[in-house]
Amino acid sequence: MPIRTYTFDRALAGTYLDLCRELYRDDTNWIPPARKHLLEQFSPGFGFHRQAGNAHRHFLATARGKPVGHVSAIVNSHLRDRDGTAVGAIGFFECVDEPGIAAELLRSACDWLRTEHGLRRIWGPVQFDVWHGYRLMTRGFETATFLGEPYNKSYYPAQFMASGFAVRKRWFSLDVEGTAALRRLMQPMERDHAQALEDGFRIDPMDIRSPALVQALHAALEDSYRDFLGITRIDLAEFREIFAGYARGLDPRFALTAWSPTGELGGFIVAYPDYARALQALRSHRSPLALLRFWLRARSVERVVGFMVGITHQESARGRHLGRALTYRCIRSVMEAGFKSMLFALLAEDSRARLFFEGGQFEPRKEYALYEINLD
């Protein structure tokens, strides 16, 4: 089984995309990546590749002239574990259901990270950093995907485990269906919302067109997530690029900011209508017909995805329960807009947000994991 390695090669990057399409061709849950965007990530002009100390190597396996597997070994000079250890990353992993092919690809990527860069602790999958995509789905393949969700073939976790990787951390997503369930979830947070308003906080729709808001959001997000496993700093320009990818799907009724009496951004919540099925209708194209399919599907959206909540360390230390206040306002807005279902996405196993759903009333149906291997 030949394995070709490359750094920047548009034709081979296109072959990787061909492999993706073949693997997920009959999978109704797969949301195809925008071909243009992914090819930009594989080109020298992408921001990650311009940063000092970063490096990468792609590995493409073929059999009988056809692609059967792909993985990328990634050196992010800022990626550190909580104990300060430098961590290598592997990402853009796709493979046919052949354990031997997966093992050879993963071994090749890990060997390159160890021999060429001295990295012995490796996480995967990570696409450059946690900002651009990471984790494997491990449970919930039968349920509908949402925008921003890790998605992969169901046998990938077993391929990672067979190659010596172990779960480093898990995340969960769960649905809250029906107005009665949403009211039951939000009711304990109503007092926190009232108290935030009494304390002088202002909860506003997120003005995605405001450069000042995006700058404040960048600072608040970095601060609130600075203890998050694997987080790396990104400059404002790169954040604007990432944010722009989500901003087009945001509804200001459900994407909210909380401003302190002194005018500081103390917290935010990001939720958006679940346009996953509409995006699938695009089929990675932007032709007039594809856009028409998108808007026809978008009109039938039935649920909202609660994607992210962030509270600055300063506000967290004050113990005002600002996250609960924002969550209450968001759920209330979702219900006022006529939606009867919310999916609360990617809750870390050690997240305080999971406390909202304890007690057996809401059970997660989806699970994800970040994997780690420590090489000798």
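At-a-glance table
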{"read-out": "Span from the the range 31-103 Cα centroid across to the the range 211-255 one, whole angstrom", "value": "23"}
{"read-out": "Pairs from Lys153/Lys366; Lys340/Lys366; Lys36/Lys366 whose Cα-Cα separation, in the structure shown, is over 23 Å", "value": "Lys36/Lys366"}
{"read-out": "C-alpha long axis of helix 10-23 to longest principal axis of the chain, angle in °", "value": "70"}
{"read-out": "Length added when fully stretched, Ala219-Met161, from 0.36 nm per residue minus Cα-Cα", "value": "17.2 nm"}
{"read-out": "At R0 = 35 Å, FRET efficiency that the Cβ-Cβ distance of Ala244 and Asp376 yields, to 0.05", "value": "0.25"}
{"read-out": "Within straight-line cross-link reach of Lys169, aspartates and glutamates at Cα separation under 15 Å, skipping those fewer than 8 residues along the same chain", "value": "Asp81, Asp227, Glu349, Asp350, Glu367, Glu372"}
{"read-out": "Amide hydrogen neighbours beyond the local backbone of Ala63, cut-off 5 Å, H modeled", "value": "Val68"}
{"read-out": "Net charge of Cβ neighbours under 13 Å - reference Phe243; Lys, Arg +1; Asp, Glu -1", "value": "-2"}
{"read-out": "Contour excess over end-to-end distance, with Cα ends at Ala55 and Asp97 and 0.36 nm allotted per residue", "value": "12.3 nm"}
{"read-out": "Cβ-Cβ FRET estimate between Thr143 and Glu22, R0 fixed at 25 Å, reported to 0.05", "value": "0.60"}
{"read-out": "Cα-projected label distance for Arg365 with Arg107, points at 7 Å along beta-carbon direction, nm", "value": "4.0"}
{"read-out": "Between 0 and 90°, nearest 10: helix 211-224 axis offset from the chain longest Cα axis", "value": "80"}
{"read-out": "Label zone at Ser77, where the point sits 7 Å out along the Cα-to-Cβ direction: the range 22-45 residues whose backbone N lies under 14 Å", "value": "none"}
{"read-out": "For His56, distant residues with modelled amide H under 5 Å away", "value": "Val75"}
{"read-out": "Local net charge near Tyr151, Cβ-Cβ under 13 Å (Lys/Arg +1, Asp/Glu -1)", "value": "-1"}
{"read-out": "Normalised alpha carbon radius of gyration of the chain [divisor 2.2 N^0.38 Å]", "value": "1.01"}
{"read-out": "Derived scalar couplings ³J(HN,Hα) [the range 73-81; Karplus, 6.51 cos²θ - 1.76 cosθ + 1.60; whole Hz; x for Gly, Pro]", "value": "9, 10, 10, 9, 5, 9, 7, 9, 7"}
{"read-out": "Under Karplus coefficients 6.51, -1.76 and 1.60, residue-wise ³J(HN,Hα) of the range 189-200 in Hz, glycine/proline x", "value": "9, 4, 5, 5, 5, 4, 5, 4, 5, 4, 6, x"}
{"read-out": "Arg82, Arg57 arranged by Cβ crowding within 10 Å, fewest neighbours leading", "value": "Arg82, Arg57"}
{"read-out": "Helical contribution to [θ] at 222 nm, DSSP H n ≥ 4, -39,500 (n - 2.57), averaged over the chain, rounded to 500", "value": "-10500 deg cm²/dmol"}
{"read-out": "Computed label-point distance, nm, for sites Arg191 and His117 using a 7 Å Cα→Cβ extension", "value": "5.0"}
{"read-out": "Förster-model FRET efficiency, 51 Å R0, Ala11 and Ser210, C-beta, rounded to 0.05", "value": "0.80"}
{"read-out": "³J(HN,Hα), Karplus 6.51/-1.76/1.60, whole Hz, each residue of the range 49-63, x for Gly, Pro", "value": "6, 8, 8, 4, x, 7, 7, 7, 8, 9, 10, 10, 9, 10, 9"}
{"read-out": "Taking the chain and dividing mean pair separation by its residue count, relative contact order in percent (alpha carbons under 8 Å, at least six apart)", "value": "21"}
{"read-out": "Net charge over other residues, Cβ less than 10 angstrom from the Cβ of Thr138 (K, R count +1; D, E count -1)", "value": "+3"}
{"read-out": "Prolate/oblate/rounded call for the range 134-253, Cα gyration tensor, a/c under 1.5 rounded", "value": "oblate"}
{"read-out": "Nearest-ten-degree value, helix 236-247 long axis tilted from longest Cα axis of the chain", "value": "80"}
{"read-out": "Between the range 308-376 and the range 167-194, the alpha-carbon center distance in angstrom", "value": "7"}
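The numbers here are math on the coordinates, done by the rules we state, and not lab data. Note that the coordinates shown come from a computational prediction; the quantities given were computed from them, not determined experimentally. Note that each Cβ is placed from the backbone with ideal geometry, even for glycine, and that neighbours are counted across all protein chains shown.
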